[in-house]
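> Below is one structure. I have some questions about it.
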Amino acid sequence: MENSIENINITPAAIDYIKGVYDDKQIPAEYALRINAEGAQGGIFNYSLGFDPEKKDDDLELDFEKFKVLISSESLENLRGTEIDYVVDRNNRPGLAFHNPKQSSGCGGNCGCGSGGC
């Protein structure tokens, strides 16, 4: 199974974490994980994650074994070159980190989303 499309890579650890969220929160299989990367205010992207039952016409769809990922055409350009990885933050909270080469140095290119959101 390919973990990378459009130069966006989701690590195996992140895939396992996402599968666990689906199971733990009992997210229906027909809901896709929507990933957004908006704006670059001050060179820092605002990432958001959510579950969406509908694919829009301009969405890129990545298909994994137990879930799909949707990325809008607007977010796609902001996410090219990004690696999405599973991390545990310094407060011992699990989440996803976005290692984006387009990210400003203010965040070190490693801003992430923990259990508290982005």
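> Starting from region 38-65, keep only residues that are among the hydroxyl-bearing types (Ser, Thr, Tyr), then list their pairs with residues that are in a strand (DSSP E or B) whose Cβ atoms are within a distance under 6 Å, requiring at least 6 positions of separation or different chains.
Listed by first residue and then by second, the contacts come to TYR47/ALA37; TYR47/PHE98; TYR47/CYS113; SER48/ASN36.
> I'd like to check something: does region 29-39 contain any residue that is open to solvent by 20 Å² or more (accessible area, probe 1.4 Å), touching a strand residue (DSSP E or B) at 6+ places or on another chain (Cβ under 6 Å) and aliphatic (A, V, I, L, M)?
No, region 29-39 has no match at all.
> Would you check which residues across region 40-55 are over 19 Å from ASP23 (Cα atoms) and open to solvent by less than 50 Å² (accessible area, probe 1.4 Å) and list them?
GLY43, PHE45, TYR47, SER48
> Anything in region 56-79 that is surrounded by 14 or more Cβ atoms within 10 Å (Cβ to Cβ), more than 14 Å from ALA32 (Cβ to Cβ) and of a type outside the set (A, V, I, L, M, F, W, C)? List them, or say none.
ASN78
> Can you name the condition, by its number, that ASP58 falls short on among (1) part of a loop (DSSP other than H, G, I, E, B); (2) at pLDDT 95 or above; (3) of a type outside the set (A, V, I, L, M)?
(2)
The values are calculated or read from the model by the stated rules, or taken from the named source; none is laboratory data. None of the values given here were measured: they were computed from a predicted structure. Ideal geometry is used to build each Cβ from the backbone, glycine not excepted, and the neighbour counts take in all protein chains shown. Surface accessibility is based on the protein's heavy atoms, side chains included, excluding ligands, DNA and RNA. Shrake-Rupley method; radii C 1.70, N 1.55, O 1.52, S 1.80 Å.
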